[in-house]
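The values are calculated or read from the model by the stated rules, or taken from the named source; none is laboratory data. Quick caveat, the model's predicted, so the values are computed rather than measured. When we count neighbours, we look across all protein chains shown, and the Cβ atoms used for this are built from the backbone with ideal geometry, even at glycine. To get the accessible areas, we keep the full protein, side chains included, count just its heavy atoms, and leave off ligands, DNA and RNA. Shrake-Rupley method; radii C 1.70, N 1.55, O 1.52, S 1.80 Å.
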Amino acid sequence: MTQTIPMTSAAIGGMGHSMKRKEDPRFLQGKGNYVEDVNLPGMLWMDIVRSPYAHAKIVSIDASKALAIPGVLAVITGKDLEAYNLHWMPTLMSDTQMVLPVDKVMYQAQEVAAVIATDRYIAADGAAVVDVEYEELPVVVDPFKALLPDAPVLRTDKPGKTDNHIFHWEAGDAAVTDKAFADADVVVKQDIYIPRIHVASIETCGCVASFEKTEGKLTVWMTTQAPHAIRTVFALVAGHVGLSEEKIRIISPDIGGGFGGKVPVYPGYVIAVAASVLIGKPVKWIEDRMENLQADSFARDYHTTAELAATKDGKLTALRFKTLADHGYADAAANPSKFPAGLYHICTGSYDLQAAHVEVDGAYTNKPPGGVAYRCSFRVTEAVHTIERMVDIMAHQIGMDPAALRMKNFIEKDQFPYKSVLGWEYDSGDYHAALQKAMDIIGYDDLRREQLEKRARGEFMGIGISSFTEIVGAGPSKDFDILGIKMFDSAEIRVHPTGKAIARFGTKSQGQGHETTYAQIVAQELGIPMAHVQVEEGDTDTAPYGLGTYASRSTPTSGAAAAMAARKIRDKARKIAAYVMEVAEEDLEWEPGKFTVKGNPEAFKTIQEIAFAAYTNHPQGMEAGLEATHYYDPPNLTFPFGSYICVVDIDAGTGQVHVRRFVAVDDCGNIINPMIVDGQIHGGLSMGLAPSLYEEISYDEAGNCLGGSFIDYLVPTAVETPNWETDKTITPSPHHPFGAKGVGESATVGAPPAIANAVVDALWHLGVRHIDIPMTPSKVWKVLRDHGVTG
Amino acid sequence: MALRTVNFTINGEAKSVQAESRQLLVHCIRETLGLTGTHVGCETSHCGACTIHLDGEPVKSCTMFAVQAEGKSLTTVEGLAVGGTLNPVQEGFWEEHGLQCGFCTPGMMMTATALLRTVNEPTETEIREAISGNLCRCTGYVNIVKAIQYAQRKMHATPAPEAVLQGGD
């Protein structure tokens, strides 16, 4: 339950210290440097004309009125890009999507044309008067109807495509699972929909593209979580028009929240780049909130029929999930190539099941392309929500306490490393301890007694548990790549002569605090105070290549790379220390910050002295300098876990769900900065609350987006958000260099089923088995009304 | 479109700018004056990233025109620290980890600073209500509330109470 790494002094500030964040002074004083803050001489503005229809032929585009406005320099359409074969681009899933359409639009708010002007207001004026004539086409909104034989085929651009089916994927043994279900005493079955949501980072997406003609160099400041991968994608997509990878520089400056929404390449980026190349001036594009919500990649949208089998005394035996994934008009997810449904087969969760079969089919519809994550590793939230709901349904069905059912079926701690029936090797865990701790903190037994009393009085109080297992840190190169690029990540550390250091990484913080936590890792490994370690990321001209920050992968991959690079430096430092002190290497002992001669504590050299020697007095025959680079290929994924307990009270008159308490016990292995880990969990819990009770992007039958502004898309404020209670257990990852697992998304993954289970728990005695999220007042009120509670 | 001259003070400095009548105040601040600490997150008054002070009152500068600032006194996040010293709210946000990506932070701190100027000892509920026009996606608000309580203690030099928070509603 404690860290398995030594604690450095506060002056060094290595792992385990709640160091204040190094990046904060600039943010606190309005000196952050976000994409919209980048202004270049002669910079132009871009605004986008978007489709009002979800599916329509483009009959004509008349830009003459826009071009007549003083200050409008160009209107770019699909036909303009077609001349360069840039009107389509690949998605990260090797599907294709339009940059700008030539003949038809596929969803409401799709980009139709771009206006380039000298000023943002003039660009908007121009966009308002581009006349586009459309001819409406039949709209496919429902993914189930999309797969019916008579459905209109949406992707007519794909030769020979005769339906709207994208992919079929499955895992597990169907026959063994069928037998387990046939042999089961109890089977529960439930349709569960996890709706389409949007990350809605407070900073929207945008870029400043600057093509310097004389050198042929393209620089793009861009809201991206994965700058290096984006550079390669740009080189692959636009290589045929002369953009070569060494001439492309992607800079991801300060990023105002990402959560997965800033992984994809959106058409707006590509149009801005094309505009800058064509016109020869820098072009800025910043989407507004409605564009952000209506056109950028969504998350979730999984329709599942789930089944769970058990013995009558509550031993879980098998599960079967069949899922339909609505991807919009293109599969623009950001999953590793081999996994079209992400890591959904983590869906056996924290339980020791003997059989499981899961299958997912993807469907095209007339909606924006996706789906990316919403602060979660690839499709893990969908998996966790479904298994945790099903376990609760089973508990209620057989009359067993949901905590007791979980305790009975958890993987035991001595079973780790544990091979799941769907093929994962869980690295470490102690699930019983985490749930017990959460139960003790919240006073579980007392709450159950209170619930009985309240129920007798006709009040609705519910207690919900979620005991989740995450799967993060993608990933081992044998299985994990995006567009063929293996999912390693990197660190490069240079120690300067005076013993200070700069460290650069292939990842990119969007608020996670890398400038602090990476410095603490280097401090831990080398003993150089974290205050003296400058961390840089996000500039492809200077940082080593990496796949970026998403899926809680930064600590498991780049964090690991930092430790490995630091250890290479330490090995060299030992040689230099031995040379300078004229002793054998094996006679030296290391503690963070210095090498001491064994048995002679007075004889030592600090890392700062050794660094100076590396440049002034290094051994003959040894390379000068003190630096190292490491590309870390993780041997396995990491499996953070936790148990959450939520208490809700439901207003019988209004259907309002009030989260009275929420206790989160997380285990992310060894901790770099406890303050930052707590902050990550607070934020993750809030992004778990949001889709549970408030957020949804839905569409009417004509394909009109019904959640396309902050009027309709309800991001929780401080008033709706409860005061999260957090605690932890510590079970280090055995394969990570310093035993960490990653934590940024655990709470988003774990929280929704705790809330949903609490609501259903409050209403089960009425005959309520399930309610899909978001559990809005109107939805809950209707359930109460349908069960005779309220009028 | 015709330009108008608009005079105001911002962070204590008198300014005279040329603005189109339709120019939003936030664009005048960010683009004409180059003070990019004030952010835009929605352009519909929902997110509060653009919050500044207008004659001491918090306002959302994305839904005001620049010409409406004529004769007014404006303060932005760049005006909070005095002589390089963070004000108590800025200090509180740093100490209590009240920010992550930093994008909502300037607006959040402007709202908090205005609250603490008008209410001596706000309760947690009052703090949560006061910042309910400012959205944060990263922090879950817990540490923002703590940051504002830190600033309140610092400004009024009251002894630190037990760090017990009640839930929001």
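Tabulated data
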| item | result |
| --- | --- |
| So A:Lys247, is it among the basic types (Lys, Arg), crowded, with 24+ Cβ neighbours inside 10 Å and not assigned by TED's automatic domain parsing to the domain that holds A:Ala383 | no |
| Qualifying position, being under 25 Å from A:Lys284 (Cβ atoms), modelled with pLDDT of 95 or more and in a loop (DSSP other than H, G, I, E, B), among A:Gly16, A:Gly32 | A:Gly32 |
| Total residues in the range B:83-121, condition within 12 Å of chain A (Cβ to nearest Cβ), out of contact with any helix residue (DSSP H, G or I) (no Cβ under 6 Å at 6 or more places or on another chain) and closer than 17 Å to B:Gly56 by Cβ | 4 |
| Conditions (1) touching a helix residue (DSSP H, G or I) at 6+ places or on another chain (Cβ under 8 Å); (2) farther than 19 Å from A:Ile202 by Cα; (3) open to solvent by less than 50 Å² (accessible area, probe 1.4 Å); number of the one not met by B:Gly79 | (1) |
| Residue check, A:Ser276 closer than 30 Å to A:Gly399 by Cα and polar (S, T, N, Q) | no |
| Selected residue [among the acidic types (Asp, Glu) and either facing chain B (nearest Cβ under 9 Å) or under 15 Å from A:Glu720 (Cβ atoms) (or both)] from A:Asp667, A:Asp678 | A:Asp678 |
| Contacts under 6 angstrom Cβ, first residue in the range A:293-312 being polar (S, T, N, Q), partner assigned to a helix (DSSP H, G or I), 6 or more apart | A:Thr304/A:Thr386 |
| Residue list for the range A:171-188, restricted to those being in contact with a helix residue (DSSP H, G or I) (Cβ under 9 Å, 6 or more places away or on another chain) and either within 27 Å of A:Ser377 (Cα to Cα) or among the aromatic types (Phe, Trp, Tyr) (or both) | A:Ala171, A:Gly172 |
| Output for the range A:347-374, where each listed residue is open to solvent by 10 Å² or more (accessible area, probe 1.4 Å), assigned to a loop (DSSP other than H, G, I, E, B) and not hydrophobic (A, V, I, L, M, F, W, C) | A:Asp352, A:Gln354, A:Lys367 |
| Pairs where the first residue, in the range B:1-13, is within 14 Å of another protein chain (Cβ to nearest Cβ) and the second is among the hydroxyl-bearing types (Ser, Thr, Tyr), C-beta under 7 Å, 6+ apart | B:Ile10/B:Thr76; B:Asn11/B:Thr75; B:Asn11/B:Thr76 |
| Sole residue being outside the structural domain of A:Gly506 (by TED's automatic domain parsing), farther than 22 Å from A:Asp727 by Cβ and open to solvent by less than 10 Å² (accessible area, probe 1.4 Å), chosen from A:Phe410, A:Phe480 | A:Phe480 |
| Residue tally, condition farther than 29 Å from A:Thr557 by Cα and of a type in the set (Phe, Trp, Tyr), over the range A:722-764 | 1 |
| Residues being more than 7 Å from every other protein chain (Cβ to nearest Cβ) and in a helix (DSSP H, G or I) - total across the range B:129-143 | 1 |
| Helices (runs of 4 or more DSSP H) within the range A:65-157 that include 2 or more residues within 31 Å of the chain's Cα centre (by Cα) and not assigned by TED's automatic domain parsing to the domain that holds A:Ala334 | A:143-146 |
| Odd one out for B:Leu165 among (1) assigned to a loop (DSSP other than H, G, I, E, B); (2) within 11 Å of another protein chain (Cβ to nearest Cβ); (3) modelled with pLDDT of 95 or more | (3) |
| Members of the range A:202-232 that are touching a residue at least 24 places away in the same chain (Cβ under 8 Å), within 22 Å of A:Lys281 (Cα to Cα), open to solvent by 10 Å² or more (accessible area, probe 1.4 Å) and among the β-branched types (Val, Ile, Thr) | A:Thr219 |
| Residue within the range A:452-474 that is surrounded by fewer than 24 Cβ atoms within 10 Å (Cβ to Cβ) and within 26 Å of A:Gly559 (Cβ to Cβ) present | no |
| Close pairs (9 angstrom Cβ cut-off, 6 or more residues apart or separate chains): on the phi > 0 side of the Ramachandran plot in the range A:497-508, assigned to a strand (DSSP E or B) and open to solvent by 20 Å² or more (accessible area, probe 1.4 Å) anywhere | A:Gly499/A:Thr606 |
| Scope the range A:71-91; condition more than 24 Å from A:Met43 (Cβ to Cβ) and open to solvent by 30 Å² or more (accessible area, probe 1.4 Å); matching residues | A:Lys79, A:Glu82, A:Ala83, A:Asn85, A:Trp88, A:Pro90 |
| Exclusive hit being within 18 Å of A:Thr629 (Cα to Cα), assigned by TED's automatic domain parsing to the domain that holds A:Thr498 and of a type in the set (Gly, Ala, Ser), set A:Ala551, A:Ala584, A:Ala543, A:Ala577 | A:Ala543 |
| Options A:Val199, A:Val129; residue that is surrounded by 19 or more Cβ atoms within 10 Å (Cβ to Cβ) and either farther than 20 Å from A:Asp301 by Cα or modelled with pLDDT of 95 or more (or both) | A:Val199 |
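Here's the yes/no breakdown for (1) closer than 27 Å to A:Gly342 by Cα; (2) open to solvent by 20 Å² or more (accessible area, probe 1.4 Å); (3) out of contact with any strand residue (DSSP E or B) (no Cβ under 7 Å at 6 or more places or on another chain):
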site	(1), (2), (3)
A:Gly258	yes, no, yes
A:Ser276	no, no, no
A:Trp285	no, no, no
A:Arg289	no, no, yes
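For (1) within 14 Å of chain B (Cβ to nearest Cβ); (2) in contact with a Pro (Cβ under 9 Å, 6 or more places away or on another chain); (3) at negative phi, each residue gets a yes or a no:
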residue: A:Gly13; (1), (2), (3): no, yes, no
residue: A:Lys20; (1), (2), (3): yes, no, yes
residue: A:Trp45; (1), (2), (3): yes, no, yes
residue: A:Lys57; (1), (2), (3): no, no, yes
residue: A:Leu81; (1), (2), (3): no, no, yes
residue: A:His87; (1), (2), (3): no, yes, yes
residue: A:Tyr107; (1), (2), (3): no, yes, yes
residue: A:Val115; (1), (2), (3): no, no, yes
